[in-house]
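Visitor: One structure coming up, written as structure tokens, with questions to follow.
Here, each number is a calculation from the coordinates, and none is a lab measurement. Here the structure is a predicted model, which means the values were calculated and not measured. Heads up, the Cβs are rebuilt from the backbone with ideal geometry, glycines too, and the neighbour counts pull from every protein chain shown.
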Amino acid sequence: MGLLDSVVGMLSGGQPGQPGGPGALLQAVLGMVANDGQGGGLAGLVTKFQQGGLGDVVGSRVGTGQNLPISADQLQQELGSDMVAGLAAKFGLSPADVGGQLSQLLPQVVDKLTPNGELPAASAGGLGDLGSLLARFK
């Protein structure tokens with residue numbers, strides 16, 4: 001069972017989550033990729049990584065081939081240290097812990113939300129809101 005499966009199990013009642021636990025971090029990640037008008041959602045995140053020189057890494061997660069790894073440092077560089085520090089403060093974790101967890105969780109979420117190797121079309125409603133995203137993982 002992978003990290004994402006464990007976290008999804010916690011969200012769906014497998015184990016009660018802690019306020020700063022992986023379930024809360026998954027909700028934050030899903031909020032980042034949701035089509036909520038803040039930051040461009042999944043497409044905006046993919047564009048940010050492409051512009052930052054990590055297009056091959058994020059492309060491997062969207063595409064159907066082999067998934068390339070991303071380090072916590074690379075992820076923090078692309079997301080910005082302010083975002084990582086904000087998540088760390090929100091969840092009572094160190095920025096290094098958040099970076100490490102995000103480097104495992106965010107790529108898995110992107111991979112799962114693009115099973116056909118394509119980003120959801122904005123004209124088709126994109127990924128929807130946070131509630132509809134959580135429903136996909138139950």
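Visitor: Evaluate E = 1/(1 + (r/R0)^6) for residue 118 and residue 73, where r is the Cβ-Cβ distance and R0 equals 30 Å; express this FRET efficiency to the nearest 0.05.
Guide: Working: r = 29 Å, r/R0 = 0.95.
It comes to 0.55.
Visitor: Peptides 60-66, 108-114: what's the order by average Cβ count within 10 Å, highest mean first? If you can, show how the numbers build up before the last one.
Guide: Details: 60-66: 14.3, 108-114: 18.7.
Packing proxy ranking, top to bottom: 108-114, 60-66.
Visitor: Moving to a separate point now. Can you work out the FRET efficiency for the pair residue 56 and residue 96, with r the C-beta to C-beta distance and R0 = 35 Å, to the nearest 0.05? Walk me through the numbers before you get to the answer.
Guide: On the way: r = 25 Å, r/R0 = 0.71.
Once rounded, the FRET efficiency stands at 0.90.
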